[in-house]
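Only one structure is covered here, and it is reproduced in the block below.
Bear in mind that the values in this text are calculations on the coordinates, not laboratory data. A quick note: this is a predicted structure, and the numbers were derived from the prediction, not measured. Here the Cβ positions follow ideal geometry from the backbone for every residue, glycine too, while neighbour counts run over all protein chains shown.
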Amino acid sequence: MSADAVARVRARLDAMNAEDPVTEIVNGRPRASELIFSDRLEAWVRRLEPEASDELLIAARGQHVRRWTSPRKTYPEGRWGYLRWREDLKRMHADTVTEAMRAEGMPDASVAKARGIVMKRDLAGNPDAQTMEDALCLQFLENKFEGLHSKTSDDKMVDIIQKTWRKMSAKARAAALTLSYPAEHKALIERALA
């Protein structure tokens, strides 16, 4: 793939993510939350896989593209509704990445590879998909853990940590243990891993 085509796909995905109505303050200025998420996710991908493929980096930019357009509350309560929402989101994100890549004339094989990464297909056999899963888990532990814990019981957090840990590779687990956590969160992680 040409570097120009990759840059154009990334710009398309970033433009879509910039439409996120939710913003956070970064360096004193508001920035779309989904752009912040993409930056953080890509940083984790690059940290885990310094020689990341273009398809993996594109997938990182599009992993949650336009996520706010499909809120969780539009699906039924409970586990079934949650799982349906997650599957529909994966498909929407993969379709959006696919459309952006095709619009820039990317080869079918590259489009299919990026789509498989976004869908997190075949984690055991697809190292790029596992890297994406690892980066998502690490991004959660580093940036979303505290917000979730503020509205979730300790017992439920222990369950969430255990489920997250099972999804990660040994490399990602090692990286997770190097993060700085507040004492309360560190205690929950230690409890979950005991």
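From the list 20, 14, the lone residue that is assigned to a loop (DSSP other than H, G, I, E, B), of a type in the set (Asp, Glu) and either buried (at least 17 other Cβ atoms within 10 Å of the Cβ) or in contact (Cβ under 8 Å) with a residue 12 or more places away in the chain (or both) is 20.
Can you tell me which residue within the stretch 34-70, out of those that are of a type outside the set (A, V, I, L, M) and over 19 Å from residue 137 (Cβ atoms), is farthest from the chain's Cα centre (by Cα)? Once the filter is applied, the top-ranked residue is 51. Within the stretch 103-125, the residues that satisfy the criterion of being surrounded by fewer than 17 Cβ atoms within 10 Å (Cβ to Cβ) and part of a loop (DSSP other than H, G, I, E, B) are 105, 107, 121, 122, 123, 124, 125.
One residue alone among 170, 100 is buried (at least 17 other Cβ atoms within 10 Å of the Cβ) and more than 14 Å from the chain's Cα centre (by Cα), and that residue is 100.
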